[in-house]
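Scroll down for the structure; my scribbles are underneath it.
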Amino acid sequence: MNRYRRTARIARTAALALAATACWSAADQHWWLAGGFGYIAFVCVWIGGNYAALHRIERARHDRARETSGAEGPPDRPVPCCSFWRNSDGAVHAPGCPRPHADQRPHDGRPLDEREASAFNAIAARYDHGSRT
C-alpha cells in the first residue's frame, strides 16, 4: 500500500464518519451542523477519489517499469486451497479441504515414461532455486 492509497482510505473513512455525524445532527434538528458536516464529508469523498486516482497512476507506472525492465518475479505458486495450506506452505491441509492429500492421490505404481518424466522435470525446474545440497 503506497501513500496515495493510504490517504484515500483515510479520507473515505473520515467522510463516512462525517456523513454519520451529519445524519445525527439532522435528526436532532441542528441543520446548520448537518450542512457543515455534509459539506466536509463531500470534500473528503472528493479528496479520497483524487488520491485513489493517484494510486492507480502510481501502480500503472510501477507495472510499466517492471514490464520494461524485463525482471521476472518468483515462479507462480499454486492457488491456496485452505487456510492450513496457506499458513504451512502447502505441507498441511484442513480437515474439510477439497484438495486431496498426498496419500489420497491416485497412483498406479508404474514408473514415469520419458514424456511424463520430462514434463515433471520442466515443472520442477521452475521451482528449483539451487537450494539442493
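Since every read-out is calculated from the coordinates, none of them should be taken as a lab result. Here the structure is a predicted model, which is why all the values come from computation and not from measurement. Here the Cβ positions follow ideal geometry from the backbone for every residue, glycine too, while neighbour counts run over all protein chains shown.
Ranked for footprinting exposure by Cβ neighbours inside 10 Å, fewest first, Thr13, Thr68, Thr21 give Thr68, Thr13, Thr21. Going from the residue with the fewest nearby Cβ atoms within 10 Å to the one with the most, His30, His62 rank His62, His30. By the count of other C-beta atoms within 10 Å, a proxy for reagent exposure, Cys44, Cys23 are ordered fewest to most as Cys23, Cys44.
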